[in-house]
Amino acid sequence: MSAVIDTHDTEHAHHGPAKGIRRWLFATNHKDIGTMYLVFSFTMFLLGGSMAMVIRSELFQPGLQIVEPEFFNQMTTMHGLIMVFGAVMPAFVGLANWMIPLMIGAPDMALPRMNNWSFWILPAAFALLVSTLFMDGGAPNFGWTFYAPLSTTYGPPSTTFFIFAIHMMGISSIMGGINVIATILNLRAPGMTLMKMPLFVWTWLITAFLLIAVMPVLAGVVTMMLMDIHFGTSFFNAGGGGDPVLFQHVFWFFGHPEVYIMILPAFGAVSEIIPAFSRKPLFGYASMVYAVGAIALLSFVVWAHHMFTVGMPVAGQLFFMYCTMLIAVPTGVKVFNWVATMFRGSLTFEAPMLFAVAFIILFTIGGFSGLMLAIAPADFQYHDTYFVVAHFHYVLVPGAIFGIFASAYFWLPKWTGHMYDETLAKTHFWMSFIGMNMAFFPMHFLGLAGMPRRIPDYALQFADFNMISSIGAFLFGATQLLFLYIVVKCVRGGEKAPAKPWDGARGLEWTVPSPAPFHTFATPPEVK
Amino acid sequence: MRMTALRVGTLLAGLPVCQSVFADWTVNMTPGVTSVSRDIYGLHMTIFWVCVVIGIVVFGVMFWSIFAHRRSKGYKPANFHEHTWVEILWTIIPFLILVVMAIPATATLLRMYDTKEADIDVKITGYQWKWHYDFLNEKFGYFSNLATPQEEIHNLANKNEHYLLQVDEPLVLPVGKKIRFLVTSSDVIHSWWVPALGVKKDAIPGYINETWAKIDEPGIYRGQCTELCGTNHGFMPIVVKAVPEDEYQGWVQDQVAQAEKLRELTSKDWTKDELIARGEKAYNTTCAACHQPDGSGAPPTFPALKGSPVATGPMEKHLHTVVFGVQGTAMQAFGKQLSEVDLAAIITYERNAWGNNTGDMVTPKQVLDFKQSQQ
Ligand code: HEM
Ligand SMILES: [Cu+2]
């Protein structure tokens, strides 16, 4: 292991970044690649967000006002795909690139050239995906879950482009996953045993295994679609002896672990941030690690809870119900541990902590609705209504997205060497908090009252809550421009950040200066 | 607006009217009108209160810390970071709660799956974008289409009370009988959901899913398709009209008689004007959603019929297009969905409306012959 580090040291340690565009195009430095991932992710967040604004504008009132149903469906589909694959996942890969080497005392990621590839595939993939909006017949319009045969026999011509875009995203994710695993398993500083790793590193290690396990399944299912569309097979075409339900099984075998791919790194980040601002060690480190492991394993045997209404045999129904309920136990353990970490700490509420505390509260609310959805008989009433929309936005927006914001504020001083503007950041937090709850809480009521999801127009009794929800969504959307401003301002200047700007923070990343130099840990630190 | 003012007023009036406020805003699941829907409602409320109690405990501790254990209040941090017993307890207690929840959930699920010994069988078929109901025992069936006028959807007219939740022909069912639904689809996946019946079942091509309901009270129960099924997914509502047994029997007899009448209509001698008049109506319910009331379509997905080569060209091709649809496009095969009378009327209408003055007509009898010749 040390041999690897030595060669790296002599080759690279003494020159800085290349000049101009070459620095980014040929980047192999984990910090540069991390930055590119984060910038890309935020761009996609704004793009996917503007599609959400279109959706919420159309739903502001009953009746069709702004867009036609066909385009509405393209918007919901593209919004979902862009947010999942373009915003949330790349943001976490960006954080992983920046922070994992710093946290484990490694000089860089283990496979820097592959790292470059896995990033640069993404802009190409999304250019391909977004270009479908301008094609004849329009963009994919079958939902981010692209159920066959709506997406095969009945799909628009652009479906083929969508399939290739998904393939590219998958390849990028798999390469990213391999890189994370190789880095964590091989490049830890001497003395950094597995059970001493920061939780962010642990959650990413497990996430990377999930990625490698399920992205090929996604690739498989879109390839089967491709065959059905162009090569005369009938995997999902009942008319040819195929099975539309098979599609859903394969998709959700990918899809459920995927939702944990989007949340586990946030669990990790929050587990760094809560102790730092509670000035108290994380409660139950070991049980946190085991809980993440348990969640990851269980996530492979709950997929059909998305399919309670497809008419599975009752035995299957029961199996998936029990397993899904079971997954709430380790999830609960994590929440209890975070609260116990705060309990009798010495708390302060800087922006990262605000986002992290909101994460715990609101993610738990999403967990509660998840538990309700897990009760199969009740899911017959909830399924495919706005109740589900409320559920997954509660786990994804204040879960994944707030986790990312918390991380960004927590580590911005390390990345830029400047403190961000705390007042603006708190404003960003409160406006996001209010906007997001206003947008998504009423959706619980809408769903329970009977509003199906993915509809461009609705019955009159849903009007009030939809209007409230749209106003909340506009507030949330507009607030994110403030975040852009805060980050740009922080990159440009501001109060100089010390190596360790948070007095309660622990970990190797705080032992290097701020901003972190281009090359760090050329000689591995000693961990006691 | 008036409703909103009313609601705010009621809210201000305070707790005593709380119930009615909730009823009006419908913030909760309906208990429904079947034993299954009431069981589901019970499960829903139980798990909801379980979550509320857990939430109060967890957030209670958290808010206490946020309030009391602040550095700004000079609170010094403790240094504990594990406690085996507490950790075991908060793993086991939630587990036990879940086991207790799983028992009634399992019982309800088993009941929902028990479709044996039904009194009536209704086959439900999803189409883009309407439902078809087949009464298997009495051998008649019909389509149920959205009845909300396009003007209301496009904000050219005031929206009525049942906006988007109204159909031309509701599904009529008797109360107090066990009805088995056999749910399937002719194109993409749909899902048949009526909240008050506690029934939601996916309609999947190639599958026949079974579910059932025994309705306790007469009434009108509304629902919608809940699986994204294409452009007009939001526009294929479901209306169930539950009536007392004798009223139901009367309705069934009417339907059987009507089916008989339709057979007579097919053999009747039609004039062109009669066909055009009937065709205009049928066109507007069945075809206008895509091809537009004025025949202008929405190219390229939905071609215009006004002046189109099919609607003004050879009759054979026109018949074939309407009866068998066009593979790989949104144009469905209407041959099975519409009666011969309506097919003949629509085709005659299309060949003579909007300046397509071909002067042609086709009779129901000729449509029937065409269908048979193609088999
Ligand atoms: C306590 C843990 C959780 C449980 C028991 C749970 C349960 C469920 C169930 C049963 C559904 C299917 C609902 C339906 O379609 O009828 C669902 C949907 C969903 N959940 Fe969760 N969930 C949990 C946590 C999460 C987390 C952590 C995430 C992601 C960060 C997540 C993301 C989603 C998404 C995206 C969907 C909807 C997918 C779609 O249909 O588009 N859930 N959840
Ligand atoms: Cu899931």
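A short reminder: the numbers here are calculations on the coordinates, not readings from a lab. Everything numeric here is computed off the predicted structure, so don't read it as measured data. Cβ sites come from the backbone with ideal geometry, for glycine too, and all protein chains shown count toward neighbours.
It is to be established whether one or more residues within segment A:277-288 are under 18 Å from the mean Cα position of the chain (by Cα) and either closer than 22 Å to A:Ile100 by Cβ or away from ligand 1 (no atom under 13 Å from the Cβ) (or both).
No, segment A:277-288 contains no residue that is under 18 Å from the mean Cα position of the chain (by Cα) and either closer than 22 Å to A:Ile100 by Cβ or away from ligand 1 (no atom under 13 Å from the Cβ) (or both).
Considering only segment A:265-279, I want to know if a residue exists there that is surrounded by 20 or more Cβ atoms within 10 Å (Cβ to Cβ), closer than 30 Å to B:Ser72 by Cβ and facing chain B (nearest Cβ under 8 Å).
Yes: segment A:265-279 contains one or more residues that are surrounded by 20 or more Cβ atoms within 10 Å (Cβ to Cβ), closer than 30 Å to B:Ser72 by Cβ and facing chain B (nearest Cβ under 8 Å).
Only one of (1) touching a Leu at 6+ places or on another chain (Cβ under 6 Å); (2) more than 30 Å from B:Gly198 (Cα to Cα); (3) more than 13 Å from chain B (Cβ to nearest Cβ) fails for A:Pro257. Which number is that?
(2)
So which of A:His393, A:His383 ends up being away from chain B (no Cβ under 11 Å) and within 15 Å of ligand 2 (Cβ to nearest atom)?
So the residue among A:His393, A:His383 that is away from chain B (no Cβ under 11 Å) and within 15 Å of ligand 2 (Cβ to nearest atom) is A:His393.
When residues of segment A:290-311 are filtered for being away from chain B (no Cβ under 12 Å), touching a helix residue (DSSP H, G or I) at 6+ places or on another chain (Cβ under 7 Å) and assigned to a helix (DSSP H, G or I), how many remain?
Final tally of qualifying residues: 8.
Tell me whether segment A:304-311 contains one or more residues that are near ligand 1 (Cβ under 10 Å from one of its atoms) and over 24 Å from the mean Cα position of the chain (by Cα).
Yes, segment A:304-311 contains at least one residue that is near ligand 1 (Cβ under 10 Å from one of its atoms) and over 24 Å from the mean Cα position of the chain (by Cα).
Among the residues of segment B:188-224, how many are over 24 Å from B:Glu245 (Cβ atoms) and more than 7 Å from every other protein chain (Cβ to nearest Cβ)?
Qualifying residue count for the region: 4.
Within segment A:361-400, count every residue that is within 14 Å of A:Ala449 (Cα to Cα), crowded, with 24+ Cβ neighbours inside 10 Å and of a type in the set (Val, Ile, Thr).
1
For segment A:352-366, how many residues are within 20 Å of B:Met45 (Cα to Cα) and within 9 Å of chain B (Cβ to nearest Cβ)?
2
Out of A:Val222, A:Val245, A:Val259, report the one residue that is more than 16 Å from ligand 1 (Cβ to nearest atom) and part of a helix (DSSP H, G or I).
After applying the criteria, what remains is A:Val222.
Here are the criteria: (1) within 14 Å of another protein chain (Cβ to nearest Cβ); (2) assigned to a helix (DSSP H, G or I). Tell me which single one A:Leu475 does not satisfy.
(1) is the only condition that A:Leu475 fails.
From the list A:Leu446, A:Leu412, A:Leu373, which residue is in contact with a His (Cβ under 7 Å, 6 or more places away or on another chain) and part of a helix (DSSP H, G or I)?
Every option except A:Leu373 fails the conditions.
Residue check, A:Gly105 against (1) on the phi > 0 side of the Ramachandran plot; (2) within 14 Å of chain B (Cβ to nearest Cβ); (3) in contact (Cβ under 8 Å) with a residue 40 or more places away in the chain, all met but one. Which one?
Tallying (1) on the phi > 0 side of the Ramachandran plot; (2) within 14 Å of chain B (Cβ to nearest Cβ); (3) in contact (Cβ under 8 Å) with a residue 40 or more places away in the chain, A:Gly105 fails exactly one: (2).
Within segment A:475-490, is there a residue that is touching a helix residue (DSSP H, G or I) at 6+ places or on another chain (Cβ under 8 Å) and of a type in the set (Ser, Thr, Tyr)?
Yes, the conditions are met somewhere in segment A:475-490.
Here is a check on your reading of the model: is A:Gly367 within 16 Å of ligand 2 (Cβ to nearest atom) and closer than 26 Å to A:Phe200 by Cα?
Spelling it out, A:Gly367 is indeed within 16 Å of ligand 2 (Cβ to nearest atom) and closer than 26 Å to A:Phe200 by Cα.
Restricting attention to segment A:174-209, and to residues there that are touching a Pro at 6+ places or on another chain (Cβ under 9 Å) and of a type in the set (Ser, Thr, Tyr), which single residue is nearest to A:Lys528 (Cα to Cα)?
Taking the candidates together, the pick is A:Thr183.
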